[in-house]
Amino acid sequence: MRELLTDLRYGSRLLWRNPAVTVVAALALALGIGANTAIFSAVYAVLLRPLPFPERDRLVSIRIDHEARNIRNAFAAYPDIADWRQQCRSFEQVAGFSAGSGNLMTREEPERAAVWRVNASFLPLFGQSLVLGRAFLPEDDTPGANRVAILSRSLWERRFGGDSHILGRSLTLDGNPYVVIGVLAADLKLDLSPADLYTPIAQSGVRAPGDRWTYAAYARLKPGARIQQAQAELETIERTIEKQYHRPLTGFRPHVWGLHEFMVRDVRLSLVVLLWAVGLVLLIACANVANLLLALAGARQREMAIRAAMGARRGRVFRQLLTESCLLGLLGGVFGLVLAYCGVAALSRSAAQAFPLLKNARLDWPVLGFTMLTALATGLLFGIAPAISASRADVFETLKEGNASSPESRGRNRLRALLVVAEVAVALLLTIGASLMIGSLWNLLDVNPGFNPSGLLTASVNLPASKYPKREQQMAFYRQLEDRLQATPGVAATGIASVLPLTGTNQGMSLLIEGRPVAGPSDVPILFFRVVNPRYFQAMQIPLRRGRLFGEQDSETAPRVLIVNETMARRYWPNQDPIGKRLGPGSRDGWMPVVGVVADVHHMSLAQEPDAEIYMPLAQNAQAAMNLAIRAAGGDPLRLAPSLRRAVMELDREQPISRVASMEQNLADSVATKRISTLLLGFFASVAVLLAAIGIYGVISFSVARRRHEIGVRMALGARGGDVLWMVVGQGTVLAAAGVVLGLAAAFALTRLMSSLLYGVKATDPRVFAAVSLLLLLVAALASFVPARRAARMDPMVSLRHE
């Protein structure tokens, strides 16, 4: 211990006496360690932090897949969930829920609240305790039971001021009175936005022809049960249900996910790629510091030889040098924590939309522990090579005059060159990955969504069934709202649709296509549909390709008609005129002719190709929940939001609007994950290239200083400045070329793992590989140019006299 303290004191003094080396090395390490800490905090918050639920490893999420129809993670019918709960022996508990929203009325203005309809076992499944009142009982979850609600902690504090006498009070939700029976102690956070309040599902589980597939299920495995076992049981149960109840649509299969795996399924690969990228940046920083310490070791070579001559053991010298490098690593870790604090704050603000769990990112003890371990590991990593080199110095050769060309010096120079080659290879790998992601994002943003998002204001309106039970009442409300908005100054067109593009939702229905035979109900195509008003296409600026748009003639009493998109026309009527073709429900009655064809719209995402879609007139298919797309005549569309709120309040003072945003914001949100990942990867690649350039500059500068006598002789014998310039630049370029070759081999093997993150660009795109290789060679040439120019201007007489 005494020797360790002596080493620490001596190492501290040495760092203090060499402030330039200490500051440069510490800042390089701080950049690498800080970036690693910030990204690790994100990875820990999203991928590694234990879920705040009891026995979390046994919690699973159950969704529905259909391979043939390319349906993933769909919801189920509630009777299916009831059968799973009764028949699956692998589950200890099964809970169902349906996430929705409702119009909440209190003494203040109305608001659209997030409402989760859950069964009685849902909250106990996640171990949710209540600060007031009681949880749902089984009798609350039966048809005809009294309407009761449990408030979230945030709603209770925000709308009711944390009133401790809230129990027993009545609130109005969608026009119906609900009695408050409890308040959660903390908001429940799953992969969805938190609920404002919870109400019972209140269904019996008895099957009916109109069962809606709108319910998700969560379950807890029994001790010792495995996910694969539960998966097999549910598939058997589902096949039995299909046969027993003669379900018309078959082929749907439950998919059992581990809860945490389900929550991070869409962001795992992006975060892992970023973690690897920032780890490679740290390796480059370590290589740079190792190069710096190798140069310092050369300057301290005589000191080490004298210590060895005085009896210092090789292991003692090695330990002293390693202690100094660990001190330097810890110093970089301290500075890195400052950068990490800023980075975590920036990530939480800018990336929470793309990675919702990033809201939990913080510099807690696991992250601080990672930082300290990283600092020590980097100290060992960059310090071990210089320590070995210095501790193995030959005492006799070192103490001789002119030892610049000693075997140890030559070996040290080769090691520094190899480190630079490795830096260039890693920088090339990162830059190729970032370039592929940038190209992918560019291609994605260049996709024509099929409509014009500029100047569009979007919002949602949901009419409560208790107040607007009939379709005629719903249609009357939306017709009056459209008339009021059209009369508002600054409004060019008012579109109304059941579903808007790029909002993450969709609607589908089974329809027969006249003249297209089907073997059975399972062969009936499921088509995505939108209910729209006649001005919708004008507001969205969706081009008409053939036929006509909806008009006033398509009223409630007129024959029902449809408009289809181009993909629908190509898929089902290739080389035919789709106008006049008919579609109808499974009963084969009520055929609806196609009257128009419009351009394709990227509905779910810009990266997903448009599917077959149909449009139905609002007058003939009015719904309670509709979305608005208001085209502004000019300027910022958000300036129309007060006019929209005023128009709705004039029609119904109890009717709120929700999700008010510009369509451009919706478009930006749809690519938020890819944009954040690309920006971060691009930043790390830029840092890697900069560090590699610094490494090349350092090696070439050191080489020029060591070869001062040789360059002087060359110039004395007639070499021109240009010859010396190209010789030195060539040395740096050769090192970079070796790194490029290694980097290309690594990139060709590793970038394939990023294929699922790319759009419109191949993981081994030769243009990207060639461009990045040329860029790194150019950077190497520029980094070598400064010391080469200094060498070319050298006075040979001064150089020879100096030697």
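The values are calculated or read from the model by the stated rules, or taken from the named source; none is laboratory data. Computed from a predicted model, the values in this text were never measured in an experiment. Positions of Cβ are backbone-derived with ideal geometry, glycine not excepted, and every protein chain shown enters the neighbour counts. When the accessible area is computed, the model is the full protein with side chains, heavy atoms only, and any ligands, DNA or RNA have been set aside. Shrake-Rupley method; radii C 1.70, N 1.55, O 1.52, S 1.80 Å.
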For this session: Using the heavy atoms of the protein chains and a 1.4 angstrom probe, tell me the accessible area per residue for the chain in square angstrom.
Result: 46
Exercise. Which lysines does LYS762 reach when only Cα atoms under 27 Å apart count, and residues fewer than 8 places away in its own chain are ignored?
Worked result: LYS674
Exercise. Which is farthest toward the positive dipole end of the chain among VAL447, LEU47, LEU415, measuring Cα position about the Cα centre, with Cβ charges +1 (Lys, Arg) and -1 (Asp, Glu)?
Worked result: LEU415
Problem set entry | Mean Cβ neighbour count within 10 Å, used as a protection proxy, ranking 164-171, 369-376, 451-458 highest first | 451-458, 369-376, 164-171
Seminar exercise, completed: Most packed first (mean Cβ within 10 Å per residue), the peptides 695-701, 44-50, 459-465 order as 695-701, 459-465, 44-50
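In terms of solvent-accessible area of protein heavy atoms at a 1.4 angstrom probe, what is the ranking of SER435, SER129, highest value first?
Result, largest first: SER129, SER435.
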Problem set entry | For the stretch 617-680, with +1 on Lys and Arg beta carbons and -1 on Asp and Glu, the positive-most of LEU680, MET626, PRO637 along the dipole | LEU680
Problem set entry | Approximate spin-label separation GLN576-ALA345, in nm, with each point projected 7 Å along Cα-to-Cβ | 6.4
Problem set entry | Total charge dipole magnitude, the stretch 425-534, about the Cα centre, Cβ charges on Lys, Arg, Asp, Glu only, Debye to nearest 20 | 340
Exercise. Taking only DSSP H segments of four or more residues, each worth -39500 (n - 2.57), what value at 222 nm results for the chain once the sum is divided by all its residues, to the nearest 500 deg cm²/dmol?
Worked result: -16500 deg cm²/dmol
Exercise. Got a number for the accessible area of MET437? Probe 1.4 Å, square angstrom, nearest 10.
Worked result: 10
Exercise. Rounded to the nearest 20 Debye, what is the dipole magnitude of the stretch 68-127 about its Cα centre when Lys and Arg each give +1 and Asp and Glu each give -1 at the C-beta?
Worked result: 240
Exercise. Which one of VAL524, MET592, PRO543 is farthest out on the positive end of the charge dipole of the stretch 484-606, using unit charges on Cβ (Lys, Arg +1; Asp, Glu -1) and the Cα centre as origin?
Worked result: PRO543
Exercise. Hey, got the dipole for the chain? About the Cα centre, +1 on K and R Cβ, -1 on D and E Cβ, debye to the nearest 20?
Worked result: 2360
Exercise. With all protein chains present, how much of the accessible area of the chain (probe radius 1.4 Å) comes from carbon and sulfur, to the nearest whole percent?
Worked result: 58
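Answer rounded, prolate or oblate for the stretch 427-581, using the Cα gyration tensor with square roots of eigenvalues a ≥ b ≥ c: rounded when a/c is under 1.5, else prolate when a/b is larger than b/c, else oblate.
oblate
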Seminar exercise, completed: Once TRP16, TRP276, TRP213, TRP156 are ranked on solvent-accessible area with the largest value leading and a 1.4 Å probe, the list reads TRP16, TRP276, TRP213, TRP156
